[in-house]
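The values are calculated or read from the model by the stated rules, or taken from the named source; none is laboratory data. None of these values were measured; they are calculated from a predicted model. Every residue, glycine as well, gets a Cβ built from its backbone with ideal geometry; the counts of neighbours run over all protein chains shown. Each accessible area value is taken on the protein alone, full model and side chains, heavy atoms only, with ligands, DNA and RNA left out. Shrake-Rupley method; radii C 1.70, N 1.55, O 1.52, S 1.80 Å.
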Amino acid sequence: MTYAIHLLRHSNKIRSSSNLIRHDSSSLVRWFSNGTRERRNISESFNRCKSSSAVSNNSCRAVSPTVSFVNAPGTAIAPCPSTASMHFMRSSSGSQVLSRRGFSSASDLPPHQEIGMPSLSPTMTEGNIARWLKKEGEKVSPGEVLCEVETDKATVEMECMEEGYLAKILRGDGANGIKVGEVIAITVEEEDDIAKFKDYQPSTSDATPSPKAPASPPPPPKEEVAEKPVTPSEPKVSKPSAPPADRIFASPLARKIAEDHNIPLSNIKGTGPEGRIVKADIDDYLASRGKEAPAAAPKADTSIDYADIPVAQIRKVTASRLLLSKQTIPHYYLTVDTCVDKLMELRSKLNSLQEASGGKKLSVNDLVIKAAALALRKVPQCNSSWTNDYIRQYHNVNIGVAVQTDKGLYVPVVKDADKKGLSTIAEEVKNLAQKAKDNSLKPQDYEGGTFTVSNLGGPFGIKQFCAIINPPQSAILAVGSAERRVVPGSGQDLYKFSSMMSVTLSCDHRVIDGAIGAEWLKAFKGYIENPESMLL
């Protein structure tokens, strides 16, 4: 790493040296490395660079030999292009676009840059190309959007990092399943070089040659075995040959019963003499199985008409994460009914003020988000996540809001919901929901959630349901619809009508004990049934 940093520090020297390649090789090495330990063949590499590289305007335009440096025994730094093109290189760490400078072994291909599929989210392993905003042959500048990439979370714009021309698009619009780092496009610096990449195909092997495997040690010399003196042979006694290890011994009746029930004898342990399988072993196996093996399922009717729907990237990620959640998180569920009469009255009053001031109307879900955030602040144990070594308790209350779209389920996040007013929450939720429907969410819009609210009551009229925890969170609130019910009254009124809403809290039992979950629901219910307390 020390020598790589040293190389980058001298890039300015290389940029300003127009006739650098023509210098004497040995003096060039001393000037360039400032005392670094060069390899034995470094002079030969520069001599080859003299004869095979055509240098014009300080740019390498043809075959570019490489120079390698050694950092420590057995640890090699990746080969660098010839010094005439060193100033084009830059580090890709922290860059949104994965790119590397490429030099072809064919003399008709100029220096080019391979643009790889970037990693645009922590969980992204592959992505899709939604559409290209630049066409082949067009000029690109730093900051311009090259294409839209569909990640496991949303569709993100991929920006260009260097000035040049888009010479070749290797993965076109709608390309699916592109692994992170896989080459999707080629850029060049000169417009005249575009035509040379018409039939370009990226190399499958890495540019850095893999170190040769150490030579296998010579075979050990054969040991000379001294001949033993011939002794009078003893009389040979024939021994019974041992039965083969894979042979299974069973009585004829046991074999017959096993064949009738399609039972492999290898699955049964014999208890008879010398491990022989007897009828009692077959009977015990059938009893432990509970019943006889079911008959083969009938084949599906080939006349059924169907269509195979391609699975979007967001659907794949949702499926894998929720499957992981149900398989690894011990869920339990707590349900409570809340009276929302006062909540509806307060919402009506606040919406009148919002209309007068030109603000957006408040929904019941906005009030639920605020109540959930305040309850998390009161019971912070529910604002946590499980790790194998400790429980991480978050100081920020970031509420994820489940939004259903045509492409799948998105969960944008309202950051610090406990510190924001109802009007701010309402505006953010509407903007995030619209972004999700337009498939234009940014990573900062859906990352960092500590708790999730899923509401199927208002939009769909679902009375009550249980939601699956969104890992690494440890709780999710499922909100049902509000309905008029007859409830016990007070005083002379034995009964009265009230609007009741059922909510169910799904908890990770590794983090949240039952009493803690119940305490959180009690605090949440208190805010819902006395909504004025949320305004204090």
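Structure summary
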{"quantity": "Inter-residue pairs, beta-carbon under 6 Å, first closer than 17 Å to GLY181 by Cα and in the range 125-136, second in a loop (DSSP other than H, G, I, E, B) and basic (Lys, Arg), 6+ apart", "calculated": "ILE129/ARG171"}
{"quantity": "Test: residue in the range 411-422 that is open to solvent by less than 80 Å² (accessible area, probe 1.4 Å), within 23 Å of ALA467 (Cβ to Cβ) and touching a residue at least 60 places away in the same chain (Cβ under 8 Å)", "calculated": "no"}
{"quantity": "Boolean, LEU376 is over 19 Å from GLY448 (Cα atoms) and either aliphatic (A, V, I, L, M) or not in a helix (DSSP H, G or I) (or both)", "calculated": "no"}
{"quantity": "Odd one out for VAL317, checked against (1) open to solvent by less than 60 Å² (accessible area, probe 1.4 Å); (2) modelled with pLDDT of 90 or more", "calculated": "(2)"}
{"quantity": "Selected residue [touching a strand residue (DSSP E or B) at 6+ places or on another chain (Cβ under 8 Å), open to solvent by less than 30 Å² (accessible area, probe 1.4 Å), within 17 Å of VAL336 (Cα to Cα) and among the β-branched types (Val, Ile, Thr)] from VAL486, VAL503", "calculated": "VAL503"}
{"quantity": "Count of residues meeting criterion [closer than 30 Å to HIS261 by Cβ and either touching a Leu at 6+ places or on another chain (Cβ under 7 Å) or modelled with pLDDT of 90 or more (or both)] in the range 293-314", "calculated": "0"}
{"quantity": "Verdict on GLY461 being in contact with a strand residue (DSSP E or B) (Cβ under 6 Å, 6 or more places away or on another chain), exposed (fewer than 13 other Cβ atoms within 10 Å of the Cβ), among the small types (Gly, Ala, Ser) and farther than 19 Å from LEU322 by Cα", "calculated": "yes"}
{"quantity": "Extreme residue, farthest from the chain's Cα centre (by Cα), among residues of the range 325-353 that are among the polar types (S, T, N, Q) and either under 22 Å from ASP416 (Cα atoms) or open to solvent by 30 Å² or more (accessible area, probe 1.4 Å) (or both)", "calculated": "SER352"}
{"quantity": "Members of the range 192-217 that are modelled with pLDDT of 50 or more and either surrounded by fewer than 13 Cβ atoms within 10 Å (Cβ to Cβ) or among the polar types (S, T, N, Q) (or both)", "calculated": "ASP192, ALA195, LYS198, ASP199, GLN201, SER203, THR204"}
{"quantity": "Residues located in the range 159-175, provided they are surrounded by 15 or more Cβ atoms within 10 Å (Cβ to Cβ) and not small (Gly, Ala, Ser)", "calculated": "GLU159, CYS160, MET161, GLU162, TYR165, LEU166, LYS168, ILE169, LEU170, ARG171"}
{"quantity": "Filter pass, ALA515 being open to solvent by less than 70 Å² (accessible area, probe 1.4 Å) and either under 22 Å from VAL397 (Cα atoms) or acidic (Asp, Glu) (or both)", "calculated": "no"}
{"quantity": "Residue in the range 504-514 that is in a helix (DSSP H, G or I), at pLDDT 95 or above and out of contact with any Asp or Glu (no Cβ under 9 Å at 6 or more places or on another chain) present", "calculated": "yes"}
{"quantity": "Qualifying residues in the range 259-281 (those that are modelled with pLDDT of 85 or more and assigned to a helix (DSSP H, G or I)) - the one most open to solvent (accessible area, probe 1.4 Å)", "calculated": "ALA280"}
